[in-house]
Amino acid sequence: MVTPGHIAVLLACAAAELGLAWFFFAGRRRPSVQPSGASAADTGALTQDLDISGMTCNSCALSITRALERLPGVEAAEVSYPMEHARVTYDPARASVGDLLERVEDAGYHAELPEVRASETPEARQEEQRREVRALQRKLAVSAALTLPVFWGAMSMWVPAPHLLMQPWLQLALTTPVVLYGGAKFYRGLWGALRNRTADMNTLIGLGTGVAFLWSAYATAFPGMLTSQGVEPHVYFETVGVILTLILLGRTFEARAKSETGAAISRLLGLQPKTARRVTNGVEEDVPLEEIRQGDALLVRPGERVPVDGRVLTGSSAVDESMVTGESVPVEKAPGDPVIGATMNRSGAFTMEALRVGRDTMLSQIVNLVRQAQASQAPIQHLADRVTAVFVPVVLMVAVAAFGLSLVWGPEPQLLQSITRAVSVLIIACPCALGLATPTSLMVGTGRGAEMGVLIKNAEALETAGQVTAVLLDKTGTVTEGRPVLTDVLPADGGSADDLLRWAAAAERHSEHPLAEALVLGAQARGILLPEPEGFNSLTGLGIEANVEGHAVVVGSARLLRERGLQLPDAQSTEERLSAQGKTPIAVAIDGRAAGVLAVADPLKPTSAEAVRRLKALGLKVLVITGDNRRTAEAVARELGGTEVLAEVMPERKSAEVKRLQAEGNRVAMVGDGINDAPALAQADLGIAIGRGTDVAMEAADVVLLRGDLLSVVDAIALSRATVANIKQNLFFAFVYNGLGIPLAAGALYPLTGWTLDPMVASVAMALSSLSVVTNALRLRGFRPAGTS
């Protein structure tokens, strides 16, 4: 029977819901959005990075984000829970860095400038993570040890227990340390969230366990006041203890998983040696790496890692550069050759000059790119963030409504059942799984990419790569080696191939033309000794002429020989055949007689054809774009197994071809060297720079591939698809869990089945949902690159 008292309770619950709605939503400042294409520099704003500590899950990151965005002068804030990092764009005329730090502290967390931790070694950071895990393990052990006897006493109706364990005062004494020690972080977070009119996971846990604990403490201290009102002085100490213990168990697993997801950066940083052997005036000394300066001479012995980026001064060796290029074969180094910091010196000793040190080294740039990617947010994450931003206040309203409805129409004892339902709703609705779904997968995916030599500059690029429908490949240096090599030696009238090549290469020794270099290198590769030419003369656009050991040698186009009245047998058919194969024919005359034809070509990289085949197998449209003539371009297309080519396209027109493909409805990935392809890389939905990770490539592209072959493009797209699929799986788990769990906890099935959800069961479900998301994300660590099994 509904009484006036019941109606009063419902009205009070409605008022409470309106109050909660006003508290959390009224006055919320929408973060200002810059116009499309604008940057912080365009608006006069500054960007500041902060290191954040004290977060327990991604909803804490959202709470900090909202707190920062409410600070006058802040235009945008992005906080990453896995990276413990924040990036804030603000107006320096209205806010300062000190204001940012203070606002994070007011929200219940700790912030410091990255410079404070910049000097930390990878070992120090790993030790910090281990300390965090150990601290959680201590809290878990204490909470579990104190909760077990309380739980035993509460379950005495099923499992016989000593009478002492059933005493409320003893249960209060055992549960209080669990609340004050094990749950202290949650209650501090609750207080900080309320001060900033935000709501997060701490709000739900703090309110749920806090209400249950305070009710139980009141029932223990003043049981008579309740019985005089006809209310059973029932206590929920076992519920409070078990919930906090299970949440701590989940936090411990998440902290361990977070340390694993950051392993990619730790491994990269661990490659860098801690000391270097500096040579000053012939004196060698071992010094910390931080003391190395540009221009220092450094000795690198066999088995040591190259300390910084530089070039070889004296000596020679073979250096394993697989951590940068992915190539397992060591690279021979001689004076003048560049060397990369953190690569392994395999054989001889050499002295090098330090050129890039500290944060300027390639390894530091790689680590910085990985950190940026892991700290950024993908568009798909904004969906989860928007849901979570309103999720907690709505859950609070649902809890209030469940309390009021159960108090009016619920089972006896109604007050206790109402409290139970409200606590169950608050506990099961903790948005940990929802908050972890995207950032955990992104962190693991980008870290795995870095290990494979695929550097993804931001999370948006990772998501975009999975949506690509067309891949536009620049030919020279991307599909091909980017340098001509000798392919054919065709002497006339049965002459010697070695003699023909010897005369031609000797004549070209002093030419700087790439084709001349191909002839010289081809001769040297065949072990042919080249004499010194005399009277060298360059014939612009036609070729060269020179005297070699008293013989007049002319090397150039067939046109040059024809102008001099010389003609090779079947010259036209030979020229057409070679050109059809994508090769450049070079005619040679000796002492006024046509001696033969040489051919050079820019060969395909060994993996290009296989990479194109795999890209097509992924359902992608593959095109090759080049400034070469159509005949050469079509020859390359045939070698690739048949693909569409866009020939005779100048660099400035490549971006127009990208626009054309986009106008046809394609999401385009442009793959180039990051230098002359920069406009096309910028125009494409996804710019991919392939090469050795140069500064220009890193600036021009969204994705940087350190390996010099197209299989890395396959890896990038396949990894992106796997990561986005993993994120969607996680979001599905999280949404289904909350979609089913909250109504059950609120008592939706009670009118039909009489079944209710105990808060302890809710806490188990909440912990399992978070663990399922983290475990699923960690599967990405097993992603295999193209060509591996």
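The values are calculated or read from the model by the stated rules, or taken from the named source; none is laboratory data. Every value quoted in this text rests on a predicted model; they were computed, and no experiment measured them. For neighbour counting, all protein chains shown are included, and Cβ atoms are generated from backbone atoms with ideal geometry for every residue, glycine included. We work out accessible area using only protein heavy atoms, side chains counted, and drop any ligands, DNA or RNA first. Shrake-Rupley method; radii C 1.70, N 1.55, O 1.52, S 1.80 Å.
Brief remarks follow.
- Close pairs (7 angstrom Cβ cut-off, 6 or more residues apart or separate chains): assigned to a strand (DSSP E or B) in region 306-321, buried (at least 23 other Cβ atoms within 10 Å of the Cβ) and among the acidic types (Asp, Glu) anywhere: none
A quick yes/no check of all residues on (1) out of contact with any Phe, Trp or Tyr (no Cβ under 8 Å at 6 or more places or on another chain); (2) open to solvent by less than 20 Å² (accessible area, probe 1.4 Å); (3) closer than 20 Å to Thr220 by Cβ:
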{"site": "Arg131", "(1), (2), (3)": "yes, no, no"}
{"site": "Gln137", "(1), (2), (3)": "yes, no, no"}
{"site": "Ala145", "(1), (2), (3)": "yes, no, no"}
{"site": "Met155", "(1), (2), (3)": "yes, no, yes"}
{"site": "Val178", "(1), (2), (3)": "yes, yes, yes"}
{"site": "Gly183", "(1), (2), (3)": "yes, yes, yes"}
{"site": "Leu194", "(1), (2), (3)": "yes, no, no"}
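- Within region 289-302, the set of residues being touching a strand residue (DSSP E or B) at 6+ places or on another chain (Cβ under 7 Å) and modelled with pLDDT under 90 comprises Leu289, Pro302.
- Matching residues in region 158-185 - criterion: being in a helix (DSSP H, G or I), of a type outside the set (A, V, I, L, M, F, W, C) and without any contact (Cβ under 8 Å) to a residue 12 or more places away in the chain: His163, Thr176
- Filtered residue count, region 82-103, keeping only those that are touching a residue at least 12 places away in the same chain (Cβ under 8 Å) and either buried (at least 16 other Cβ atoms within 10 Å of the Cβ) or under 18 Å from Ser63 (Cα atoms) (or both): 15
- Evaluated against (1) basic (Lys, Arg); (2) under 30 Å from Val704 (Cβ atoms); (3) in contact with a strand residue (DSSP E or B) (Cβ under 8 Å, 6 or more places away or on another chain), Arg509 falls short on exactly one condition, (2).
- Options Ile717, Ile727, Ile688: the member that is under 19 Å from the mean Cα position of the chain (by Cα), part of a strand (DSSP E or B) and at pLDDT 80 or above: Ile688
- Yes/no for Glu120 being loosely packed, with under 14 Cβ neighbours inside 10 Å, under 25 Å from the mean Cα position of the chain (by Cα) and modelled with pLDDT under 65: yes
- Search result, residues across region 613-630 that are on the phi < 0 side of the Ramachandran plot and not charged (D, E, K, R): Leu615, Ala617, Leu618, Leu620, Val622, Leu623, Val624, Ile625, Thr626, Gly627, Asn629
- Within region 598-646, tally of residues that are assigned to a strand (DSSP E or B) and of a type outside the set (Gly, Ala, Ser): 11
- Subset tally (residues that are touching a helix residue (DSSP H, G or I) at 6+ places or on another chain (Cβ under 8 Å) and outside any helix (DSSP H, G or I)) for region 471-491: 14
- Test result for Arg502, of a type in the set (D, E, K, R), surrounded by fewer than 15 Cβ atoms within 10 Å (Cβ to Cβ) and not in a strand (DSSP E or B): no
- Residues of region 534-580 that are under 24 Å from Ala601 (Cα atoms), outside any strand (DSSP E or B) and of a type in the set (Asp, Glu): Asp570, Glu575, Glu576.
- Test: residue in region 422-434 that is modelled with pLDDT of 80 or more, open to solvent by 10 Å² or more (accessible area, probe 1.4 Å) and small (Gly, Ala, Ser): no
- Count of region 157-175 residues which are open to solvent by 40 Å² or more (accessible area, probe 1.4 Å) and either in contact with a strand residue (DSSP E or B) (Cβ under 8 Å, 6 or more places away or on another chain) or closer than 24 Å to Tyr218 by Cβ (or both): 9
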